[in-house]
Amino acid sequence: MEVTERSLSETLEALARFSGAGPGVTRIAYDAAWREAHRWLRERATALGLAAYPDAAGNLFFHDPALEPGADTRALFVGSHLDSVVHGGRYDGAYGTVSGMLIAAELRGTGKLPVVGFVTFEEEGSRFPGMLLGARSVLGKVKADELDQVKDAAGVSWRAALEEAHAEGCAVPLAAGDAPFHPPFRPATMLELHIEQGPVLEREGGAIAIVEHIAGYRRMIARLRGAARHSGTTPMTERRDTLAAAAEMILAAEALALELGAPAVATTGNVRPAPGLFNVIAGECELWFDVRHPGSAALDAMALELARRCRAIAERRGIEVKLERSSGEDPTPLSGALAGEATRLAAELALVHRRMTSGAGHDAMEFARSGVPTLMVFVPSRGGVSHSPEEFTSPAALFTGYRFTRELARRLSERGAA
Ligand code: GLV
Ligand code: MN
Ligand code: MN
């Protein structure tokens, strides 16, 4: 089989149909849309002549049926994640997922190093706190007690959520003992093809970016406690209004990133006042902060400074504040050798290309940190828009990234990589 611009786009469109209620794509780990997408991918891969193998967490692997899964079976991993944010786009994760499956099909039985397409069950952290749970389980980094400790916002444990996926054939039984997930192959090298999710390539007229570094992030929850009082009778000078304090904190986060300048970014993604009524001053409020920077020291300094500013605001307003680190990933360099090889290939193929640092987090981080030589390739995102129903990349641009990644995979597989 030969993948064309059209068949690549049609496969992506077909995957985008598996979504919760619109707008955009909502496919959250183990939910109904996720399970249907999972089944569809397994059927599609089988029709392409591949074996589709889900692991115990619901990560999915596509491989030559002649290849025996096993912890010592080295493979070139090509893929990305199946989950999305709520009302996300149709390309984030899905593009790399579909490409990994198609590249595994096109290169089946060719080089020295077998190509395995992979799909992580969850990268975004849309259901469970933190990110990269899928990649962590693929790499065998999850301990059995995490299955009960990790819970979604409704209090459903990872283990309970996973039971439904097991029941529907989206996952095989958990292994006994301390490590419930075993990697079915040994990743010798990892490639992740992804949309840029930012504006640089489109602005510069580039076809692809070779990602050499991924910014880190720190997520922090601020819990404010003031005084819930009558909104009509409490004088303005005698209030301990957590929502007014939260407003200052949100602006402080924004100001901090602006003062530091690019590439620093800071976002308050959620504000939860209580009791949330017209006639009661908010006695409590929760804020979710996400700060990002490609430099480790700068990232830590930024998180500390935001915490300091929040405390100062709270103190001035007579509000108690508890700051809790929710999750984070350190900035992660990808393989310099692979980046060099990819840059030479892009020049050879006369593609307009550049090196880039990713502002978004990716499965690739977890692989790189595990010592797997890892590289990402980006294609342009229209208007730099992502995590939005408006995400768009043209079929031609998607196919350029696909052909480039397939050729890189072909060369790596042929020589046995490393
Ligand atoms: C994932 O897309 C992230 O960077 O938050
Ligand atoms: Mn994303
Ligand atoms: Mn992604």
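The values are calculated or read from the model by the stated rules, or taken from the named source; none is laboratory data. Computed from a predicted structure; not experimentally measured. Cβ atoms come from the backbone with ideal geometry, glycine included; neighbour counts cover every protein chain shown. Protein only, heavy atoms only, side chains kept; ligands, DNA and RNA dropped before computing areas. Shrake-Rupley method; radii C 1.70, N 1.55, O 1.52, S 1.80 Å.
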Exercise. Among the residues of region 84-136, write down those that are aromatic (Phe, Trp, Tyr) and under 16 Å from residue 37 (Cα atoms).
Key: 91, 95, 118, 121
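Matching residues to (1) of a type in the set (D, E, K, R); (2) assigned to a loop (DSSP other than H, G, I, E, B); (3) open to solvent by 10 Å² or more (accessible area, probe 1.4 Å); (4) modelled with pLDDT of 95 or more:
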{"site": "72", "(1), (2), (3), (4)": "yes, yes, yes, no"}
{"site": "75", "(1), (2), (3), (4)": "no, no, no, yes"}
{"site": "86", "(1), (2), (3), (4)": "no, yes, yes, yes"}
{"site": "101", "(1), (2), (3), (4)": "no, no, no, yes"}
{"site": "108", "(1), (2), (3), (4)": "yes, yes, yes, yes"}
{"site": "112", "(1), (2), (3), (4)": "yes, yes, yes, yes"}
Practice problem: Sort out which residues of region 388-403 are open to solvent by less than 40 Å² (accessible area, probe 1.4 Å), outside any loop (DSSP other than H, G, I, E, B) and in contact with a helix residue (DSSP H, G or I) (Cβ under 7 Å, 6 or more places away or on another chain), and write them in order of number. | Solution: 398, 399, 402
Exercise. Considering only residues that are in a helix (DSSP H, G or I) and among the β-branched types (Val, Ile, Thr), look in region 219-254 and name the one that is nearest to residue 377 (Cα to Cα).
Key: 250
Exercise. Give 418, 360 a once-over and let me know the one that is touching a Leu at 6+ places or on another chain (Cβ under 9 Å), assigned to a loop (DSSP other than H, G, I, E, B) and either more than 16 Å from ligand 1 (Cβ to nearest atom) or modelled with pLDDT of 95 or more (or both).
Key: 418
Quiz item: Looking at region 85-94, which of the residues that are in contact with a helix residue (DSSP H, G or I) (Cβ under 8 Å, 6 or more places away or on another chain) and over 15 Å from residue 60 (Cα atoms) is nearest to ligand 3 (Cβ to nearest atom)?
Solution: 91
Quiz prompt | Cross-chain or 6+ apart pairs with Cβ under 9 Å, region 226-241 first and over 19 Å from residue 271 (Cα atoms) and surrounded by fewer than 14 Cβ atoms within 10 Å (Cβ to Cβ), then polar (S, T, N, Q) and at pLDDT 95 or above | solution = 230/279; 232/279
Practice problem: Pull up region 175-218, narrow it to residues that are in a loop (DSSP other than H, G, I, E, B) and closer than 21 Å to residue 63 by Cβ, then point me to the one that is farthest from ligand 2 (Cβ to nearest atom). | Solution: 175
Quiz item: Of the conditions (1) over 30 Å from residue 315 (Cα atoms); (2) without any contact (Cβ under 8 Å) to a residue 40 or more places away in the chain; (3) open to solvent by 40 Å² or more (accessible area, probe 1.4 Å); (4) of a type outside the set (Phe, Trp, Tyr), residue 173 fails just one. Which one is it?
Solution: (2)
Quiz item: For residue 326, all conditions in the list (1) more than 16 Å from ligand 2 (Cβ to nearest atom); (2) assigned to a helix (DSSP H, G or I) hold save one; what is the number of the exception?
Solution: (2)
Quiz item: Can you pull out the residues in region 367-387 that are under 27 Å from residue 24 (Cα atoms) and open to solvent by less than 10 Å² (accessible area, probe 1.4 Å)?
Solution: 376, 377, 378, 379, 381
Self-check item: Count of residues meeting criterion [under 20 Å from the mean Cα position of the chain (by Cα) and surrounded by fewer than 17 Cβ atoms within 10 Å (Cβ to Cβ)] in region 176-199
Solution: 1
Practice problem: Among the residues of region 304-326, count how many are open to solvent by less than 20 Å² (accessible area, probe 1.4 Å) and either within 27 Å of residue 153 (Cα to Cα) or among the hydroxyl-bearing types (Ser, Thr, Tyr) (or both). | Solution: 5
Practice problem: Go through region 1-42 and count every residue that is assigned to a helix (DSSP H, G or I), in contact with a helix residue (DSSP H, G or I) (Cβ under 6 Å, 6 or more places away or on another chain) and open to solvent by 30 Å² or more (accessible area, probe 1.4 Å). | Solution: 1
Practice problem: Determine whether residue 268 is among the hydroxyl-bearing types (Ser, Thr, Tyr), at pLDDT 95 or above and under 24 Å from residue 239 (Cβ atoms). | Solution: yes
Exercise. Find the residue count for region 301-359, including only residues that are acidic (Asp, Glu) and under 24 Å from the mean Cα position of the chain (by Cα).
Key: 3
Self-check item: Unique match (being outside any helix (DSSP H, G or I), away from ligand 3 (no atom under 16 Å from the Cβ) and either touching a Phe, Trp or Tyr at 6+ places or on another chain (Cβ under 7 Å) or open to solvent by 50 Å² or more (accessible area, probe 1.4 Å) (or both)) among 350, 337
Solution: 350
Quiz prompt | Of all residues in region 381-410 being over 29 Å from residue 113 (Cα atoms) and charged (D, E, K, R), the one that is nearest to ligand 2 (Cβ to nearest atom) | solution = 391
Quiz item: Just to be sure, is residue 80 open to solvent by 10 Å² or more (accessible area, probe 1.4 Å) and either touching a residue at least 12 places away in the same chain (Cβ under 8 Å) or within 14 Å of ligand 3 (Cβ to nearest atom) (or both)?
Solution: no
Quiz item: Has region 54-65 got at least one residue that is part of a loop (DSSP other than H, G, I, E, B), out of contact with any Cys (no Cβ under 7 Å at 6 or more places or on another chain) and over 14 Å from residue 171 (Cα atoms)?
Solution: yes
Quiz item: Applying the selection to region 351-378, what residues are more than 15 Å from ligand 2 (Cβ to nearest atom) and of a type in the set (A, V, I, L, M, F, W, C)?
Solution: 351, 352, 356, 367, 368, 372, 375, 377
